[in-house]
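A short write-up of the structure that comes next.
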Amino acid sequence: MRRTDVHDAAYAVVSGGIGFVPAPPGCLTATETALEELVRLGRLRREDGIAEETWGYAPDHKGQYDRGLSQYREDERKDTFHYEPATYEILESKGAPVHAWTKFFRAQDESWRLLYSLADELMQEFDRLLPDCGIYDSFKGYGLRHPNRGIVYERRTGADRETAYPHCDRGFISLHHSETGPGFFIVPKDSKMRLRIHIPKGHIGIFPGLKCQKMTNGLVSAIVHGTYEVPVREPNGRRASVFFAHTTISHL
Ligand SMILES: [Fe+2]
């Protein structure tokens, strides 16, 4: 990645905005393959073809799996998969037939490694811009557990086009690296407006989460954001993917 691209993106983020960097070659193709396979996995789940408890792990406070395949909820109508390098072996040990999903895991692994490498460069740049916060050491201390989230929605119905309600992410930065339509929006600070942000084709949107806000003592605020389905571009439902770069601190 060009040093200036990484610098400009990090600088935009610490200045309160969203940064954009070109996607690493091969990243979009690998991610799209992983999402295509996730559609297949989700379909199988709805047909009761897989045991949920073997495909997910690390439940969060809501009882939803934070890693692997997340529980399907009627009110959300989506399938989510959080991948980290340890995922394959963890699911294999739980009895999931991972050997039958090599295309899925190979694509997941390629996407994850390209994004981790980019995240590493970005975190070094944040460390240079904010040298007193211990950012890069804390990022490396988190190991390889940074999750890459793939998400596929069922088609929205009627007027319900919102796929992710306004929220802040927990990590230090989020790398919004794939979406089928320009449905990403932010809620600017001190406003209730939903501002649509078009992430240029072939680019990744970088924005701060709660750990960034905490580690910078509020200098950089976590960005409130959400997504809409774009029916003309997503006739079969929205697909998107986000990589979360974490640091060792708690987000709370
Ligand atoms: Fe988010």
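Give the whole-number value, in cubic angstrom per residue, of the convex hull volume spanned by the C-alpha atoms of region 3-245.
Numbers: hull volume 30.3 nm³, N = 243.
Here the figure is 125 Å³ per residue.
Once the dipole of the chain is set up with Lys and Arg at +1 and Asp and Glu at -1 on Cβ about the Cα centre, which of 184, 38, 82 lies farthest towards its positive end?
Going by the charge dipole, the pick is 184.
Which value, to two decimals, describes the C-alpha radius of gyration of region 209-252 once divided by 2.2 N^0.38 Å? Provide the component values of the computation, followed by the final result.
Numbers: Rg = 15.1 Å, N = 44, 2.2 N^0.38 = 9.3 Å.
In units of the 2.2 N^0.38 Å rule of thumb, it is 1.63.
About the Cα centre of the chain, what is the dipole size in debye to 20, counting +1 per Lys and Arg Cβ and -1 per Asp and Glu Cβ, all else neutral? Provide the component values of the computation, followed by the final result.
Details: 33 positive and 34 negative charges, 101 e Å.
Once rounded to the nearest 20, the dipole reads 480 debye.
Within 10 Å of each residue's Cβ, count the other Cβ atoms and sort 7, 82, 99 from fewest upward.
Fewest to most other Cβ atoms nearby, the residues stand as 99, 7, 82.
Would you work out which of 164, 101, 146 lies farthest towards the positive end of the dipole of region 3-245? Charges go on Cβ: Lys and Arg +1, Asp and Glu -1.
Most positive-ward Cα: 164.
Gaussian network model of the chain, Cα springs within a sub-10 Å range: biggest mean-square fluctuation belongs to which of 41, 219, 28?
Of 41, 219, 28, the Gaussian network model singles out 219 as fluctuating most.
Could you line up 120, 60 from fewest to most neighbouring Cβ atoms inside 10 Å? Please report the intermediate quantities before stating the final value.
Numbers: 120 16, 60 11.
The most exposed by this proxy come first: 60, 120.
Only helical DSSP H runs with n ≥ 4 go in: add -39500 (n - 2.57) per run for the chain, normalise by residue count and round the 222 nm mean residue ellipticity to 500 deg cm²/dmol. Write down the numbers at each step before the final one.
Numbers: 7 runs with 84 residues, N = 252.
Using -39500 (n - 2.57) per qualifying helix, the result is -10500 deg cm²/dmol.
FYI, it's all coordinate maths here, none of it is from the lab. Since we're looking at a predicted model, the values are computed, not measured. Positions of Cβ are generated from backbone atoms using ideal geometry, with glycine treated the same way; all protein chains shown enter the neighbour counts.
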